[in-house]
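Read through the structure below, which is laid out as C-alpha cells, and then see the notes.
The values are calculated or read from the model by the stated rules, or taken from the named source; none is laboratory data. Just so it is clear, the structure is predicted and the values come from calculations on it, not from any experiment. We place every Cβ from the backbone using ideal geometry, glycine too, and count neighbours over all the protein chains shown. In case anyone asks, the SASA skips ligands and DNA or RNA and just uses the protein heavy atoms, side chains included. Shrake-Rupley method; radii C 1.70, N 1.55, O 1.52, S 1.80 Å.
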Amino acid sequence: MSQYASLLIALPLFSAFFIPILKRLNKSAIMPFLVVVTLVQTGIAAWVFNEIYITGKPIIIMAGGFRPPVGINLYIGHFAAVFILVVTLASFLMTVFSMRAVNVEPKDKYAMLFLLLMLGATGMIATGDIFNLFVFMEITAISAYALTAYNKTGESSEAALKYVVLGGIGSSFFLVGIALIYGSLGTLNMAHIGQLASMINPTAAKIGLALLIFGLAVEAEQFPLNAWAPDAYQEAPHPVTAMFSAFVVKASLYAIGRIIYILSAAEGWSSVLRLLIVLGTLTVIVGEMSALRQNNVKRMFAYSSIAQVGLIAMGLALGTESGVSASVFHMFNHAIVKALMFLAVGYVAIELGGVEMSKFEGLGKRMPITAFAITVGAISIIGIPLFNVFWSKIQLILAALNAEYTWVVALILGASLIEATYYIRLIHTMWFKGEGEKVKENSVLALIMLLLVAFIIVIGIYPEPFWDVMQKAGRDIFDVAQYVKNVPLMGVSP
Amino acid sequence: MNPYYFASIALILIGLYAILVKRNVLKMLVGLSIMETGVNLLLISVGYVSGRSAPILSEGITPDKAVDPIPQALVLTAIVIGVATTAMALSVVINLYEKYKTLNVEEIRRLRG
C-alpha cells in the first residue's frame, strides 16, 4: 500500500508530458488540468502525511525492488511528509493564482515547467541518494531557469542568465563534492554514507561537504551565491516567485541539513558547521541591508526572503536538535507567510500595473483585503506575538542560547528591528497615504489570501500542535542513527 | 594520486576563470561547458583502475577485471543534464541579444539595486 507514495513523483511527471497531447485536444483545458493535477497531488501528500504520523514509521520506496545501496530508494519520513504537503498545497494555491496571473503564451509550456518545478522540489525532499538529489536539483533548477525567463522581456532574460551561470557553477561544485565522497566511501546512498561516515578520510569529508553545501547554496540563496535571487524574484511570473520562496529554497535548505547530519560522524565536521554559520550570518546581514533601500516592493520581499533563509541555515548549523527543529519550524512558517505575501504583491501588480512603492499608496482603501493580507504577513515576519513567525524566532533564539552562540540572538533581534523598519514603512504607505478608487477584488484570490491569513493566526495562537509536528520533523533530520536503521540496507555493515 | 585528477582540476579552473573574467556571454557559457567537462573527467577518474577494461560483461571479463561502472553511469547522466543546461542558456542568450542587441555583460545591466 505504501508503495503508492511513489505517485508523488510519478503523477507530476506523467502529467507534465501529457500536456502537449492535451494542447492538441483542447487548449483551454490546460490550466484547469493543472489545477486538478495539483489538487490530486495534494490529496496524495495528505494521505502520506496521515499514514506516516499515524504509524510513526517512514515510507521507504525501493526502485525496482532492489534494496539499497544497490537500488535507489526514496525516503519519506516525518520531515518529508510535512514538507511535501507544503509543496503540493503551495503549488495548488499558485495554480489557482496562475489562471489569473499568467496571460502570456505559451501556457502549455508554463504548465509543464510548473509541474516539473513541483516534481523537482518533491524529489529533492524525498530522495535517499545523493546523486538522485543532484538530478532532482537540476530538474528544479532547469525548470526554474526557464520559468524565470518566461515573460520574454529583456529583464527576465537577464535574470535567467544570471541564474543559469550561478546555477551551472553550483552544480559543478556539487558534482565535485559527490566525486570526493564517492571516491572516499564508495557509496552514494545517504543511509550507507551515514553508516560509514566515521571511516571517511577527514580531508575528503571536509572539502566534499563544503563543496556540496556551496552547490546547494545557489538554490538555497546563501551568500555569496545568491546574486540571482532578487532579479529572478522580480522578473519571474508572480505565482512562480511565490513558489521559489515557499518551497524551492526550502528543499535545498533541507538537502543541506540532511547532507550535513549524515556526515556528522566524520572528523573535522564542526569546521563545516562554522562555515555554514558564517555564510548564514552574512546572508542575513546582506539581505536585510539590501531590503532596507528597495523601492520595488517585490524586490524588497525577495531580499527579506533571503534574510530569513539565512536564519534558517544558521539554525541548521547550530548542531543541536533544538536548532534543527527551530529551523524546520521557521521554514514552515516562512513558506506560509511568503506564499501569502508574494501572492498579494503579485495581485497588486496585475491590478495596478506595477510594484513600485508609489503604487501602494492608498492600497488600504483601494484593495482592502489584499492590503490586509500584506499587513498580516509583514507583522508576522517582523515577529510580533500572536503571529506564527514569533514562535519560530523564539525557538531559534532559545536554540542559539543552548548552543552558546549568544551573538546569534543579537543578530536575530537586530534583523527583526531592520525588518520592522521597512515593513512598517510599507504598512504606513498602504494605509495612511494617498487616495484612490476602489478596485473590485477577485473573490477566489481573496478567499485564498484570507485562508492563509487564518492559518498564520491559528499557528500564532495555538503553536503547540504544530511545534510537536516540527520537532518530529527536526528529529528526522538530526537523528542519523535512526535514519540509517530505518533504511533496509542490503547485507552491508560497517 | 592519479594524473587525471590534475588535468580535471585544471579544466575546472580554466572554466571558472572564463566565467569570472570574460565579458562576452557566449564565452562565459563556453567556460561553463569546459568546467562541466572537467567535473565529468574527475568523476570518471574516481572510478578508473589502471589496466582494467570497460564494465561490459563479455567473454573473459569478470567483475574483478573491469573498472567501477557507477561513475560512468553518473557521468552519462551529468552529461545529459549539462547539455540541457547549455541549451537552456543558449536560448536565453538568443532572447537577450534580440532585446539588448549586445552580448557584453557590462551593458546587460538593467536590473540593479
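Selection of the stretch A:426-446 for residues being surrounded by 13 or more Cβ atoms within 10 Å (Cβ to Cβ) and either in contact with a strand residue (DSSP E or B) (Cβ under 9 Å, 6 or more places away or on another chain) or assigned to a helix (DSSP H, G or I) (or both) yields A:Leu426, A:Ile427, A:Thr429, A:Met430, A:Trp431, A:Leu445, A:Ala446.
Rundown of residues vs (1) at pLDDT 90 or above; (2) out of contact with any helix residue (DSSP H, G or I) (no Cβ under 9 Å at 6 or more places or on another chain); (3) of a type outside the set (Ser, Thr, Tyr), yes/no style:
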| position | (1), (2), (3) |
| --- | --- |
| A:Leu85 | yes, no, yes |
| A:Ser98 | no, no, no |
| A:Lys109 | no, no, yes |
| A:Leu119 | yes, no, yes |
| A:Phe136 | yes, no, yes |
| A:Ala141 | yes, no, yes |
| A:Tyr145 | yes, no, no |
| A:Lys152 | no, no, yes |
| A:Glu158 | no, no, yes |
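A single entry from A:Ile61, A:Ile84 fulfils the requirement of being β-branched (Val, Ile, Thr) and part of a helix (DSSP H, G or I): A:Ile84. For the stretch A:114-148, residues that are within 14 Å of chain B (Cβ to nearest Cβ), under 13 Å from A:Ala236 (Cβ atoms) and either in contact (Cβ under 8 Å) with a residue 60 or more places away in the chain or among the charged types (D, E, K, R) (or both) total 4. If the condition is being surrounded by 16 or more Cβ atoms within 10 Å (Cβ to Cβ) and not small (Gly, Ala, Ser), then the stretch B:78-96 contributes B:Ile81, B:Thr85, B:Thr86, B:Met88, B:Val92, B:Val93, B:Asn95, B:Leu96.
Let's see how each residue does on (1) within 14 Å of chain B (Cβ to nearest Cβ); (2) under 29 Å from B:Val83 (Cβ atoms); (3) at pLDDT below 90; (4) open to solvent by less than 10 Å² (accessible area, probe 1.4 Å):
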| position | (1), (2), (3), (4) |
| --- | --- |
| A:Leu180 | yes, yes, yes, no |
| A:Met190 | no, yes, yes, yes |
| A:Ser198 | no, no, yes, no |
| A:Asn201 | yes, no, yes, no |
| A:Ala246 | no, no, yes, yes |
| A:Ala255 | no, yes, no, yes |
| A:Ile262 | no, no, yes, yes |
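The residue that is nearest to the chain's Cα centre (by Cα), among those in the stretch A:14-39 that are open to solvent by 70 Å² or more (accessible area, probe 1.4 Å) and hydrophobic (A, V, I, L, M, F, W, C), is A:Leu39. Checking each residue in the stretch A:333-374 for being of a type in the set (Val, Ile, Thr) and open to solvent by less than 20 Å² (accessible area, probe 1.4 Å) picks out A:Ile336, A:Val337, A:Val345, A:Val348, A:Val355, A:Thr370, A:Ile374. Which ones in the stretch B:1-28 are of a type in the set (S, T, N, Q) and either under 13 Å from the mean Cα position of the chain (by Cα) or open to solvent by less than 40 Å² (accessible area, probe 1.4 Å) (or both)? Correct list: B:Asn2, B:Ser8. On inspection, B:Ile79 passes the criterion of being within 21 Å of A:Asn132 (Cα to Cα) and among the aliphatic types (A, V, I, L, M). Report yes if some residue within the stretch A:165-176 is more than 7 Å from chain B (Cβ to nearest Cβ) and either farther than 26 Å from A:Glu235 by Cα or among the acidic types (Asp, Glu) (or both); otherwise report no. Among the residues of the stretch A:165-176, at least one is more than 7 Å from chain B (Cβ to nearest Cβ) and either farther than 26 Å from A:Glu235 by Cα or among the acidic types (Asp, Glu) (or both), which makes the answer yes. Of all the numbered requirements in (1) within 13 Å of chain A (Cβ to nearest Cβ); (2) under 30 Å from A:Asn189 (Cα atoms); (3) assigned to a helix (DSSP H, G or I); (4) free of Cβ contacts under 8 Å to residues at least 24 places away in the same chain, B:Val49 misses one, and that requirement is (3).
Selection of first residues in the stretch A:472-494 that are at pLDDT 80 or above and of second residues that are of a type in the set (Ser, Thr, Tyr), restricted to Cβ pairs under 7 Å at least 6 apart or on distinct chains, gives the following pairs, ordered by first then second residue: A:Gly474/A:Ser325; A:Ile477/A:Tyr261; A:Phe478/A:Tyr261; A:Val480/A:Tyr261; A:Val480/A:Ser264; A:Val487/A:Tyr75.
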